[in-house]
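This report concerns only the one structure given below.
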Amino acid sequence: MKSFFKNVLANIVAIVILCVVFFFFFIIMLVFSAMGSEKSVAVKKNSVLTINLKTNIIDSPTEEQQGIFDIRDQSKNVLIYDAIEAINKAKTDENIKGISIEADYLSAGITQIDDLRNAIQDFKKSGKFVYAYGNTVSQAAYYLGSVADQYYLNPAGMIELKGLATEVSFFKDFADKYGIGIEVIRHGKFKSAVEPFIRNEISPENKEQLSTLLNDIWKNTSSRMAASRKIDTAQFRTVVDSLYGMIPDLGLKYKLADKLIQKTEYDRMMRTKLNLKEDDKLNKISLGKYIDSYSDDENSGDRVAVLYASGSINGGDDYNDIHSEKYIKYIKDLQDDDKVKAVVFRINSPGGSANASDEILFELQQLKKKKPLVVSFGDYAASGGYYIAMAADKIYSEPNTLTGSIGVFGVIPYFKDIANKNGIRSDIVATNPNSQYYSTLNGVSPYGVNMITRSVEGTYKRFVHFVTGNRKKTFEQIDNIGGGRVWSGVRAKQIGLVDELGTLNDAITYAAQKAGLKSYNVASYPKKMTPFEQIFKNLNEDDISARVVKNKIGKANYELLEQIVEERKLQSEVKMEMPYQIKIN
């Protein structure tokens, strides 16, 4: 008995100590959060604006609110809009003498790199220098760095310049082997999101659209790299095909780099450029700190609101991704805010739930009745991500945006074979003929398949209906370019799916003009979460476990695992979702 009471007392003491530790942990987090929010950074003379490994370019405020169990340093996250504004400001800032790009790997999407590249290209008109340095350089980082006046590479480094490729994983044999049945209903021969579950190879239609997409994006990015480096197009193709960038001497020979030097020599070269004395410090300031050095009061005067919608579309009210209940509230708040004179809806989404997409579209249509609504596309605005754009007065797309995917599908898993093999069977008692039209053990009844097919077809017709109204085209015209096919932004402009090729800044400028604003501030929505909200967000076992696994095996491998085991991917719901992502790694 004495031992029992000792154990109980020890557990009570442990719990008390744990509570105290967590209390002080939260207090420390709040203090540091408050300290970090103060705009106390001063820009020194002869400073160099630096884009380095610690800079994560994100498209939406929701991308940085990952909860307290995310091990990444979120203080380095920079919104793409803020990054562009910072580079534009640095162009005329007397204290900023140049830009240094020092990123071996770049955490940014393809359209974000495009926008950064364009801003730096414009910055060069000031006459200030732009240099870049790399060690082991990813293709994405080199795409950005190649815009520099001079590119320097470590003598033992490499540039992974290789072109674009995509690898599609298939699970049909896996499902067959383990007795997992999958019922698929889709509209559109290009709606390839379901192919991994019903085929063992890429369909001719999917291969066609993938080839077109990859070649569109590579033609655009490779031509820009070749032009910046003053390399003939044919020679640049040879350099890429031969992987010459992996050998430093060959990278230098074929003009991928201007000189092979150590990082210390690179810094010494910039000191010379700035005419610094031996005892003078080389002042480098990151994008994030430079943004913190100035601030605009976005809450005063007339505003153009930028509502960011990034991630998959789902029902519910979670903060991350695009959850319909949250976004309905955001949209209504903007509609009722008299200071907001126009709204730019920034979409970076591959789609998701058809029902949630429809809810969001309706609220945007109500908003449009009261004030201008302009849409800007990021990396993705496909399927449901394209659907929610159909309330726009005008749609801007980046050249490398992946958009369209006008199609609908449903994926219904069941486990009859694997259950039977392991001695599990079921019987049904019901009040009506279709009370149990679907079960995880017996699959879908023939009549259930018929009705779900009708639902998919009805949703597709509703999708096309809204597209025809917004794009001023007939059903047949949209159906011909629909069928689930994904298009690059350039081709989307050619076939009329978007109005203009342009950046988020272009969309903001147009929205302000449409609202008749001469002077205005730009305000971002949704607002960042408070420290207390971040602390208590997603404190559930499943979420913590998912984050641990993702951080352990990497995001790309986790997304592959999700395709096999995540319930959301295989739930019996009509979906408007893009089949894949394309990244310049």
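The values are calculated or read from the model by the stated rules, or taken from the named source; none is laboratory data. A quick note: this is a predicted structure, and the numbers were derived from the prediction, not measured. Because the Cβ atoms are built from the backbone with ideal geometry, glycine has one as well, and the counts that use them run over all protein chains shown. Note: areas computed on protein heavy atoms with side chains; ligands, DNA, RNA excluded. Shrake-Rupley method; radii C 1.70, N 1.55, O 1.52, S 1.80 Å.
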Report task. Provide a single number: the residues in the stretch 74-94 that are within 15 Å of residue 503 (Cα to Cα), open to solvent by 10 Å² or more (accessible area, probe 1.4 Å) and part of a helix (DSSP H, G or I). Result -> 5
Report task. Would you mind telling me which numbered condition in (1) modelled with pLDDT under 85; (2) touching a Gly at 6+ places or on another chain (Cβ under 9 Å); (3) among the charged types (D, E, K, R) residue 176 fails? Result -> (2)
Query raised in the report: Which condition number does residue 405 fail, the rest of (1) touching a Lys or Arg at 6+ places or on another chain (Cβ under 6 Å); (2) on the phi > 0 side of the Ramachandran plot being met?
Result: (1)
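Could we say that residue 286 is exposed (fewer than 14 other Cβ atoms within 10 Å of the Cβ) and modelled with pLDDT under 95 here?
No: the conditions fail for residue 286.
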Requested in this report: Evaluate the following for residue 97: is it open to solvent by 60 Å² or more (accessible area, probe 1.4 Å) and at pLDDT 85 or above?
Outcome: yes
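Residue-wise test of (1) among the β-branched types (Val, Ile, Thr); (2) surrounded by 13 or more Cβ atoms within 10 Å (Cβ to Cβ); (3) within 19 Å of residue 401 (Cα to Cα).
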site	(1), (2), (3)
198	yes, yes, no
203	no, yes, no
206	no, yes, yes
210	no, yes, yes
217	yes, yes, yes
228	no, yes, no
232	no, no, no
236	no, yes, no
241	no, no, no
**Report entry** Qualifying residue in the stretch 166-177 (condition: over 20 Å from the mean Cα position of the chain (by Cα), surrounded by fewer than 22 Cβ atoms within 10 Å (Cβ to Cβ), of a type in the set (Phe, Trp, Tyr) and assigned to a strand (DSSP E or B))
**Finding:** no
Query raised in the report: Inside the stretch 100-114, can you point out the residues that are open to solvent by 10 Å² or more (accessible area, probe 1.4 Å), in a loop (DSSP other than H, G, I, E, B) and closer than 27 Å to residue 265 by Cβ?
Result: 104, 105, 106
Report summary line: When residue 367 is run through (1) in contact (Cβ under 8 Å) with a residue 60 or more places away in the chain; (2) open to solvent by less than 10 Å² (accessible area, probe 1.4 Å), the failure sits at (1)
Query raised in the report: Can you name the condition, by its number, that residue 117 falls short on among (1) surrounded by fewer than 18 Cβ atoms within 10 Å (Cβ to Cβ); (2) of a type in the set (Lys, Arg); (3) under 20 Å from the mean Cα position of the chain (by Cα)?
Result: (1)
Report summary line: All-but-one check, residue 253 against (1) surrounded by 14 or more Cβ atoms within 10 Å (Cβ to Cβ); (2) of a type outside the set (Val, Ile, Thr); (3) more than 30 Å from the chain's Cα centre (by Cα); (4) at pLDDT 95 or above, failing number (1)
Query raised in the report: How about the stretch 417-431: which of its residues are open to solvent by 80 Å² or more (accessible area, probe 1.4 Å) and in contact with a Gly (Cβ under 7 Å, 6 or more places away or on another chain)?
Result: 417, 421
Query raised in the report: Any idea which residue in the stretch 55-73 is nearest to residue 114 (Cα to Cα), counting only those that are open to solvent by 30 Å² or more (accessible area, probe 1.4 Å) and modelled with pLDDT of 70 or more?
Result: 56
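Can you tell me which of 302, 317 is surrounded by 14 or more Cβ atoms within 10 Å (Cβ to Cβ) and touching a strand residue (DSSP E or B) at 6+ places or on another chain (Cβ under 7 Å)?
302
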Query raised in the report: Can we say residue 141 is crowded, with 20+ Cβ neighbours inside 10 Å and not β-branched (Val, Ile, Thr)?
Result: yes
